[in-house]
Amino acid sequence: MIRINENYTKLKASYLFADIARRVGAYVAAHPERPVIRLGIGDVTEPLPPACVEAMQAATAEMARRETFRGYGPEQGYPFLREAVAEHDYAARGCRIEPDEIFISDGAKCDCGNIQEIFATDIRLAIPDPVYPVYIDTNVMAGRTGPERDGRYEGVAYLESTPANGYVPEVPSAPADLVYLCFPNNPTGAGATRARLAAWVEYARRNRAVLLFDSAYEAYIRDPEIPHSIYEIEGARDVAIEFRSFSKTAGFTGTRCAYAVVPKTLVAWDRAGEAHPLHALWNRRHTTKFNGVAYPIQRAAAAVFTPAGRQQTRALTDFYLGTARLIREAMAGLGLQCVGGENAPYIWVNAGRDSWEFFDLLLNRAQVVVTPGAGFGRCGEGHVRISAFNSRENVAAALDRIAAAIA
Ligand code: MLT
């Protein structure tokens, strides 16, 4: 008799954004005359930067000619892209990351979800609350947790992000082996200073732990005091894996390109206490289960680092940050406390009531979709996340509608 992976039965019935999409779909089907504005899932709306489109078109033309056609590429990504990432995202910030420590992939979501495969199942996990649900759900699937009770899985140390700690969790007194961190943060939009990140690197070194650092939103950082990469912190090469994405940097949510950095100096231990480089393990996993990102897409991603691409992607992130400012101002004008939106495209709003109730109210009365904070964890209760990814026109209309709905 074939049996299921019963860890899946511990999960909530559906993934947060799939659940929201289902609820919104049902509303739209019932009220086709009421157009909905989506400020829920962080999905970009502006077109790709022209430099990326031109590079993609040129690469597509190469694929149409026998002399320049390419079949399978290197699973880890083409050297031209790995070298561009190493130079512009790391060397330019004083970080020592080699091109062959960069693994190109089709998404930071996939990388964040897949990375746990290279670690033992009986390790101690520390996961923020609120949190991007992929970190926790993939560990539940892998059997690293007990059942869920009151919105929390047994066996997980939750790192609470609250107004008291500026939404940047303190290092815990208890040791953990695998720690997930995300800055600028999804969902709160909080940034972590160098000192706060240095405390985490020191914690990881002291406890022989690994930090999984998701910096998918680093392109939104404008404050010079906020590091863009964990590798800006001394010693992080020995304790951290970093995830980055072109999705929010250059509008690639539908185009799909990202990367993980696994330094060759980073090790984890087997039961007998022997150290193993994680680079070799991830390389083994990646080459076994992944066949590389499409050549035209990697060319488009590399164009992000050209002078034109840099200028265009900066304009793109400036645009969304301008929208984020409008949302913050509008929420403050309505008397709702909020954080984020300054070095991140998300605004974390204290709704002062149950977060799903507020979600329903905004959907039903304003036809605006936001993300209920409770979907990100217990500490998200009472909040909603508003995404700045939409056109100015739609956001302005959404803000007017929200104001009317809660007046
Ligand atoms: C989000 O809304 O949190 C993100 O868009 C989800 C993702 O990047 O997968």
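Under 8 Å between Cβ atoms, which residue pairs at least 6 apart in sequence (or on different chains) link something in the stretch 135-146 that is under 17 Å from A176 (Cα atoms) and among the small types (G, A, S) with a partner that is surrounded by fewer than 20 Cβ atoms within 10 Å (Cβ to Cβ) and modelled with pLDDT under 95?
none
Please specify each residue of the stretch 370-383 satisfying the condition of being within 20 Å of Y158 (Cβ to Cβ) and open to solvent by less than 10 Å² (accessible area, probe 1.4 Å).
Correct list: T371, P372, G373, F376, G380.
Hey, D137 hits all of (1) at pLDDT 95 or above; (2) more than 16 Å from the ligand (Cβ to nearest atom); (3) open to solvent by 10 Å² or more (accessible area, probe 1.4 Å) but one; which does it fall short on?
(2)
Of the residues Q298, Q312, which is within 30 Å of N394 (Cβ to Cβ) and away from the ligand (no atom under 16 Å from the Cβ)?
Q312
Would you be able to tell me the number of residues in the stretch 342-369 that are small (G, A, S) and open to solvent by 60 Å² or more (accessible area, probe 1.4 Å)?
Within the stretch 342-369, residues that are small (G, A, S) and open to solvent by 60 Å² or more (accessible area, probe 1.4 Å) number 1.
Give the residues of the stretch 366-407 that are part of a helix (DSSP H, G or I) and either closer than 17 Å to Y167 by Cβ or within 12 Å of the ligand (Cβ to nearest atom) (or both), sorted by residue number.
Within the stretch 366-407, G373, A374, G375, F376, R378, C379, G380 qualify.
For the stretch 228-251, which positions are assigned to a helix (DSSP H, G or I), of a type in the set (A, V, I, L, M, F, W, C) and either more than 14 Å from L181 (Cβ to Cβ) or within 16 Å of the ligand (Cβ to nearest atom) (or both)?
A250
Please give the number of the condition P35 fails out of (1) touching a residue at least 24 places away in the same chain (Cβ under 8 Å); (2) touching a Pro at 6+ places or on another chain (Cβ under 6 Å).
(2)
Does the stretch 98-105 include one or more residues that are modelled with pLDDT of 95 or more, within 16 Å of the ligand (Cβ to nearest atom) and either open to solvent by 20 Å² or more (accessible area, probe 1.4 Å) or outside any loop (DSSP other than H, G, I, E, B) (or both)?
Within the stretch 98-105, one or more residues are modelled with pLDDT of 95 or more, within 16 Å of the ligand (Cβ to nearest atom) and either open to solvent by 20 Å² or more (accessible area, probe 1.4 Å) or outside any loop (DSSP other than H, G, I, E, B) (or both).
For the stretch 253-273, which positions are open to solvent by 30 Å² or more (accessible area, probe 1.4 Å) and of a type outside the set (V, I, T)?
G254, R256, K264, W269, D270, R271, A272, G273
Within the stretch 206-226, is even one residue in contact with a Leu (Cβ under 6 Å, 6 or more places away or on another chain) and in a loop (DSSP other than H, G, I, E, B)?
No, the stretch 206-226 contains no residue that is in contact with a Leu (Cβ under 6 Å, 6 or more places away or on another chain) and in a loop (DSSP other than H, G, I, E, B).
So the check is Cβ under 8 Å with 6+ separation or different chains; which pairs have a first residue in the stretch 7-22 that's of a type in the set (S, T, Y) and a second one that's assigned to a helix (DSSP H, G or I) and surrounded by fewer than 16 Cβ atoms within 10 Å (Cβ to Cβ)?
Within 8 Å, the pairs are S14/R22.
Quick check: anything in the stretch 291-306 among the aliphatic types (A, V, I, L, M) and closer than 25 Å to R401 by Cβ?
No: the stretch 291-306 contains no residue that is among the aliphatic types (A, V, I, L, M) and closer than 25 Å to R401 by Cβ.
For the stretch 152-195, which positions are among the polar types (S, T, N, Q) and either open to solvent by 20 Å² or more (accessible area, probe 1.4 Å) or outside any loop (DSSP other than H, G, I, E, B) (or both)?
Within the stretch 152-195, T162, N165, S173, T193 qualify.
Of A268, A219, A199, which residue is more than 16 Å from the ligand (Cβ to nearest atom), of a type in the set (G, A, S) and touching a residue at least 40 places away in the same chain (Cβ under 8 Å)?
Being more than 16 Å from the ligand (Cβ to nearest atom), of a type in the set (G, A, S) and touching a residue at least 40 places away in the same chain (Cβ under 8 Å) holds for just one of A268, A219, A199, which is A268.
The values are calculated or read from the model by the stated rules, or taken from the named source; none is laboratory data. Model, not experiment: these values are computed from the prediction. Cβ: placed from backbone, ideal geometry, glycine included. Neighbour counts: every protein chain shown. SASA here: full protein model, heavy atoms, side chains in, ligands and nucleic acids out. Shrake-Rupley method; radii C 1.70, N 1.55, O 1.52, S 1.80 Å.
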